1. Within the range 267-284, which residues are surrounded by 10 or more Cβ atoms within 10 Å (Cβ to Cβ) and out of contact with any helix residue (DSSP H, G or I) (no Cβ under 8 Å at 6 or more places or on another chain)?
2. For the range 131-144, which positions are surrounded by 16 or more Cβ atoms within 10 Å (Cβ to Cβ) and not in a loop (DSSP other than H, G, I, E, B)?
3. Does residue 212 qualify as being in the same structural domain as residue 248 (by TED's automatic domain parsing), in a loop (DSSP other than H, G, I, E, B) and without any contact (Cβ under 8 Å) to a residue 60 or more places away in the chain?
4. Evaluate the range 161-181: report whether one residue or more is surrounded by 12 or more Cβ atoms within 10 Å (Cβ to Cβ), at pLDDT below 90 and either touching a strand residue (DSSP E or B) at 6+ places or on another chain (Cβ under 9 Å) or farther than 30 Å from residue 72 by Cα (or both).
5. Which is assigned to a strand (DSSP E or B), in contact (Cβ under 8 Å) with a residue 40 or more places away in the chain and surrounded by 10 or more Cβ atoms within 10 Å (Cβ to Cβ), of 246, 184?
6. Answer yes if at least one residue in the range 6-28 is in a helix (DSSP H, G or I) and within 21 Å of residue 76 (Cα to Cα), and no otherwise.
7. Could you list, in sequence order, all residues of the range 97-107 that are outside any loop (DSSP other than H, G, I, E, B) and either under 12 Å from residue 153 (Cβ atoms) or not assigned by TED's automatic domain parsing to the domain that holds residue 131 (or both)?
8. Might you check whether a residue that is loosely packed, with under 12 Cβ neighbours inside 10 Å and modelled with pLDDT of 85 or more occurs anywhere in the range 145-152?
C-alpha cells in the first residue's frame, strides 16, 4: 500500500487514501482534511485556464460544464469551494424502538400488530372497542398490547389510508401595495450612504437611503474597485428603475477610487466623503 506524508501547519500526517475527482483525476486525500491541493500544471494539461488581474483576482478554468473560478483568499491562496447542499434526516427505525422493550413486550406488540391487519386495519380506537366488548372470543391480545404496538411500529399506514381528510390550503392573496406616485415624487432625490461591513470575515457592501431608509446588502468577493463598482451600479439601477434619482452619495475615504468612476459617468450626482478616520453614521 502506498503512503504519502502530508506536511501541514499541524505537522506531518501520513495518508494512504486516494480518490478520483470528476474531470480531474486521481488525488491523495485525508478523511479529516479540509481542502485538496490541485496541481496548476496538471489542470493546465486538461483545461484552458485564463487569468486577468485587471478584471478580477481569480483563475478561470474552462470546462465542458462551464467556468470554474478559483478565487484568491485573504491568505493569498486561490481556492474553489463547491456548492454542495447537504442535510440531516433524523430516522427512528422499528429496530431502534424494539431496543427499549423486553422480548416478551415485543412479542405481544407483534401479536397485536398482526391482529390489526387480520381485521382489515380498523382504527386503533375501534380495535380497542372490539377487545373491550369481547367481540373476539378467547383473544390473547389486550389493549396494553395495542399501546405497545403503536409505540414500537408507529402509526399504521394501512389504517390511515382513506381515513384522513385533506385540509384545504390557505388561499394565496396578492397583498402587494403599489407605491403612491405622490410619495415617489416627494422622495425623488435620494441621498445614499454606503459602507463596508463584515460577517464571518466576508465583506458586504451595505447601503441605506437617508429619507426612505431602504437598505441593501451585496456580497463583495474581494475588496477591489471593480467589485465595488459592480455592486454599487446594481444598487443605483434599483433606484433609477423605480423612478428615483441618486442626488448624493455619502461614504468614507475608502470609496474615493470607486466614486471617481461614478463622477465621470454621472456628473449630475454629488459625492460627499467623510473626513479621515471618520465614517458615515447612517451606514454604520
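1. The answer is 270, 272, 278, 279, 280, 281, 282, 283, 284.
2. Within the range 131-144, 131 is the sole residue that qualifies.
3. It is true that residue 212 is in the same structural domain as residue 248 (by TED's automatic domain parsing), in a loop (DSSP other than H, G, I, E, B) and without any contact (Cβ under 8 Å) to a residue 60 or more places away in the chain.
4. No, the conditions are met nowhere in the range 161-181.
5. 246
6. For the range 6-28, residues in a helix (DSSP H, G or I) and within 21 Å of residue 76 (Cα to Cα): absent.
7. Scanning the range 97-107 gives 97, 98, 106.
8. Within the range 145-152 (the criterion being loosely packed, with under 12 Cβ neighbours inside 10 Å and modelled with pLDDT of 85 or more), the answer is no, since none of the residues qualifies.
The values are calculated or read from the model by the stated rules, or taken from the named source; none is laboratory data. Predicted model only: the values in this text are computed from it and were never measured. Note that each Cβ is placed from the backbone with ideal geometry, even for glycine, and that neighbours are counted across all protein chains shown.
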